[in-house]
Structures are given as C-alpha cells and as structure tokens.
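Here's the structure we're looking at; comments come further down.
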C-alpha cells in the first residue's frame with residue numbers, strides 16, 4: 001500500500017463534499033444517486049418554504065431545520081480548518097424549524113455560502129493534522145447523513 005499524498009486527500013475531501021452539496025461531479029458517485037439534483041442544493045432547490053417547514057420523520061424535524069443544522073456545522077468546520085476554536089453547540093444548530101419565503105431563500109443562500117467557505121478552507125489548508133482532517137471528514141459524513149434525511153422527507157407522502 002502506498003502513502004496517500006496531501007493533494008489526493010484534499011481532492012477526495014472536496015469531491016465528496018461537492019457530491020453531498022452539489023451532487024456527483026461525474027458519472028459515478030461515492031454515496032449519492034446519480035443525477036443533477038441529487039445533492040443537497042438540488043434536492044431543496046424547488047421546495048417551497050411551506051414544504052421545508054413541514055415536520056416529518058423521526059423527531060418531527062423539518063427540512064429547513066436540517067439545512068440550518070448543516071450550515072451551522074459547515075461554519076464550525078470552516079473555523080476549525082482555519083485554526084480557530086470551534087465549540088460544537090448542537091442545540092444552536094437546530095434553532096430554525098420554520099421559514100417563510102424570505103427566510104427560506106436566505107437559508108438556501110447561506111448553505112451555498114457556508115459550503116463555499118468550507119471549500120476554500122479545505123483548499124487553503126497547508127498542514128493536515130488530526131483535528132483538521134477529522135473536521136473535514138466529519139463535515140462530509142455529517143452533510144451526507146443530512147442529505148439522506150432531507151431526501152427521505154422530500155420523497156415522503158403528504
């Protein structure tokens with residue numbers, strides 16, 4: 001087995017994060033369905049604020065709540081990758097449950113912004129220690145989990 005280079009690590013992290021947020025960048029995937037609207041952005045792109053605010057699934061969470069939670073996690077990941085202390089306040093990440101049209105538009109814009117900030121933090125990271133790699137890998141796994149939860153709610157009857 002050969003050692004994996006830092007460049008390869010960054011490329012794989014970015015590929016998987018891109019798959020979770022934007023959808024798979026190529027004809028194959030690591031964990032999502034193939035197609036242009038299979039990432040989180042595409043999955044929520046056509047949802048109304050009312051649909052995003054409808055409680056469903058275990059815990060009766062909302063899609064808006066999941067998206068806000070992913071945004072909060074990406075923001076904390078970005079702080080960690082930039083070397084700042086980033087406490088994991090899990091309660092704050094679920095502060096949003098219902099949105100109106102304006103808040104839903106702002107939340108979707110925030111998702112794209114937090115994702116872009118995380119991508120830049122991954123790309124600009126020079127030294128990958130355990131904390132940084134764990135934060136980046138955790139962001140991929142966390143976002144993929146919530147992508148699945150959101151997709152289940154989108155496809156649920158009613």
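The values are calculated or read from the model by the stated rules, or taken from the named source; none is laboratory data. If you're wondering where the values come from, they're calculated on a predicted model, not measured in any experiment. Every residue, glycine among them, receives a Cβ derived from its backbone with ideal geometry; neighbour counts consider all protein chains shown.
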Any idea which of 29, 9, 61 is without any contact (Cβ under 8 Å) to a residue 12 or more places away in the chain and over 17 Å from residue 101 (Cα atoms)?
29
Given (1) in contact with a helix residue (DSSP H, G or I) (Cβ under 9 Å, 6 or more places away or on another chain); (2) within 24 Å of residue 23 (Cβ to Cβ), identify the lone condition not met by residue 106.
(1)
Please indicate, with yes or no, whether at least one residue in the stretch 142-158 is part of a helix (DSSP H, G or I) and over 23 Å from residue 60 (Cβ atoms).
no
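Go through the stretch 113-132 and give me each residue that's surrounded by 15 or more Cβ atoms within 10 Å (Cβ to Cβ) and either assigned to a helix (DSSP H, G or I) or free of Cβ contacts under 8 Å to residues at least 40 places away in the same chain (or both).
The answer is 114, 115, 117, 118, 119, 121, 122, 132.
Checking the condition at positive phi, in a loop (DSSP other than H, G, I, E, B) and surrounded by fewer than 22 Cβ atoms within 10 Å (Cβ to Cβ), which residue from 35, 59 passes? Before you say what the answer is, go through the steps one by one.
Working: 59 fails: in a loop (DSSP other than H, G, I, E, B).
Just one listed residue meets the conditions, 35.
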Number of the exception - residue 57 against (1) at pLDDT below 95; (2) under 18 Å from residue 104 (Cα atoms); (3) out of contact with any strand residue (DSSP E or B) (no Cβ under 8 Å at 6 or more places or on another chain)
(2)
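Could you please give the count of residues in the stretch 38-56 that are loosely packed, with under 12 Cβ neighbours inside 10 Å, in contact (Cβ under 8 Å) with a residue 12 or more places away in the chain and more than 16 Å from the chain's Cα centre (by Cα)?
Number of matching residues: 1.
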